[in-house]
Structure formats: structure tokens, C-alpha cells
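In what follows, a structure is listed as C-alpha cells, so that the remarks can point back to it.
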Amino acid sequence: MKDVKGKVAFISGGASGMGLGMARAFAEAGMKVMIGDIERAPLERAVEELRQKGAEADGVVVDVTDMEAVEAAAQATVERFGKVHVVCNNAGVPVGGHSETCNMRNWHWVVDVNLWGVVHGLQAFVPRIMSHGEGGHVVNTASMAGMYGLRGAGPYNATKFAVVGISETMMAEHSRDNLNISVLCPGIVATNIGTAGRNRADKYGGAVAPSEKDGTAAALAKGLDPDAVGRQVLEAIQDEQPYIFTDPGLRYLIERRTKYILAGYDWAENCKALEGIEQSGLLPG
Ligand SMILES: NC(=O)c1ccc[n+]([C@@H]2O[C@H](COP(=O)([O-])OP(=O)(O)OC[C@H]3O[C@@H](n4cnc5c(N)ncnc54)[C@H](O)[C@@H]3O)[C@@H](O)[C@H]2O)c1
């Protein structure tokens, strides 16, 4: 989508961090922006900031774990701006821990926000984007944790691998129409994600303060400026770029994972169980 001026974007988790960076970049490029976020006060501040800069912007309080709320946010976006062209399914929360021992309420929280939140955004917004025929773009926020199994983050990795899987499938499914798909895989970005526990709902155990021992705050503080990510996402939409990596220095993780996977094929080609068996090398789809 080369010409973004006047196009309408919805961004979940847009009141902070990378979502706010996207909102700023989109508004600067002349797009109309609807921010969705679970936190009212930062949402109102973000909308006010964009309006002060002359942008057409609005906000809607939404919990992405709730399909009805996301559907209402999509309806509000179209009522406010007439149509929608871009959806950024960006709201997300971090959960540390090993898959086999992580507290189950945290497991459910991270899956509900990071995976179901993306699915709800796709279900509510993509049919509305496809309905007007002008084309559009989906940006799903995954992570490098969706490309490589980072230690001590099994549940988070699971959700982000799922977001990469959904995005890659949609890239293939929409390769011949006017919907483009990108998956955003950031490295470390200096956002407020370290205090995401403030938004953990009671059903997941309630709000929780960050642990002072875990070093997340110090690591995040050295991360990339989220406004740079916002500008990169805008450029990716204009360039129709499917994979958005924010830290080129992490390329080695993809190379390392590919090497491990291909070693599995080397083993399969020589293992006794498959000796002499002919196969088609085809998959459905
Ligand atoms: N910061 C990083 O280093 C990093 C790296 C890789 C991926 N990510 C991903 O980037 C995305 C954005 O995170 P960020 O780092 O900008 O963090 P952030 O905490 O600054 O922003 C996330 C926003 O999402 C909102 N949110 C949380 N739960 C929500 C819910 N249920 N419904 C609606 N909104 C909700 C928060 O209120 C906040 O405004 C997330 O998906 C995260 O997993 C972050």
C-alpha cells in the first residue's frame, strides 16, 4: 500500500510502546488512526497527543481477549472513519516460565491476550477490510520469540510461534488478492512491557508488580526506541514487506534454528525405520 494518506488504521495495544509508535508514524503519514487499548487514561493521552499534532485520531477501550469487545471496536472504527484498511494486532503481554511448571492462570492469560487477541482482531477487522475493495494490510505483532525458542519463556514462545504460523498461512492465502500480511518480530524494544502485569485481570490472578530480580527492566531500558519500530512498520506497509525484523543483529538465531531443523532431515534420510520406503514429498494445500 504505497499511498497510505487518508487510509484508516486500527492498532490494538496502541496506547503504549510499539503500538503508540505505529500510531504516531501512521498519523504523521496522514493516516486516520483508531487506537484500541485496555487502559483508558494512556489511551486518552495518546489520542489527545495525535489530535494536537493535527491528526484524525480516536480511541476505544477494548480488551482483546473478548471477541465481542473487539467486534465493537471494529464497528466503532468504521462508524468513526467510514472504513478500515489496516489492522495492527499488537496488544501483548509477557509471561516468563517453563511450559511444564508455569502457573496455569498465567498460561491462560498469555494465550488469551497474545493468541486469541490476534485471532479476534483478524475475525473482526479482515472481513471489513475486504468489504470495500480498496485493499489493506494486516500487521500481527509476534516476536523473535516466535522465531526461536527462547529459554525460560515457553508459554510466551508458544503464542508468538502461533502468531507467526497464522501470519505465514495468511500470506499464502492472500497472495493473489489485495490484502497484504506482515508479521512483526521485534528484538528488545524499550517499552512498558515490563509492567504488563498491571493489566492482568482477576481471572488470571489479578494485577501483579514486576519482580525486581528478573532484570527485565534493565534489558528493556537498553532496547530500541519504539517510535523507530512504528516508522519501520509504516515503511513495511508501504513496501508490502512480509517479515519485519527490528534487530538485524539477531539474524543468526534464524540461521541457527534452520540448521537444527535441517539436521533433522539429514537424520531422517538415513534412519533405519524409513529405509526403502518411497514417499511423494507432497503435502495438502
Ligand atoms: N518490548 C519488547 O521488547 C517486545 C519484543 C518482542 C515482542 N513484543 C511484543 O510487542 C507487542 C507490544 O508490546 P510493547 O512492548 O509495546 O508493550 P507495552 O506494554 O508498552 O504496550 C502494550 C499495550 O497493550 C495493552 N494491552 C495489554 N493487554 C491488553 C488487552 N488484553 N487488551 C488490549 N490492550 C492490552 C497495554 O495496556 C499496552 O498499552 C506485544 O505483543 C509484545 O509481546 C515486545
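The numbers here are math on the coordinates, done by the rules we state, and not lab data. It should be emphasised that the depicted structure is a prediction, and the values quoted were computed from it without experimental measurement. Note that we place each Cβ from the backbone using ideal geometry, even for glycine, and neighbour counts take in every protein chain shown.
Test Ser167 against the stated conditions and say whether it is assigned to a helix (DSSP H, G or I), buried (at least 20 other Cβ atoms within 10 Å of the Cβ) and away from the ligand (no atom under 11 Å from the Cβ). Criteria met by Ser167. Restricting attention to region 131-146, the residues that are more than 14 Å from the ligand (Cβ to nearest atom) and in a strand (DSSP E or B) add up to 3.
When Asn114, Asn103 are checked against the criterion of being within 13 Å of the chain's Cα centre (by Cα) and in contact (Cβ under 8 Å) with a residue 40 or more places away in the chain, a single residue qualifies: Asn114. Of Arg151, Arg128, all but one fail to be more than 11 Å from the ligand (Cβ to nearest atom) and part of a helix (DSSP H, G or I); the exception is Arg128.
Here is the figure for region 1-16: residues that are more than 14 Å from the chain's Cα centre (by Cα) and within 12 Å of the ligand (Cβ to nearest atom) total 1.
Hey, could you check region 17-41 for residues that are under 17 Å from Lys53 (Cα atoms), touching a residue at least 60 places away in the same chain (Cβ under 8 Å) and surrounded by 24 or more Cβ atoms within 10 Å (Cβ to Cβ) and say which is farthest from the ligand (Cβ to nearest atom)? It comes out as Phe26.
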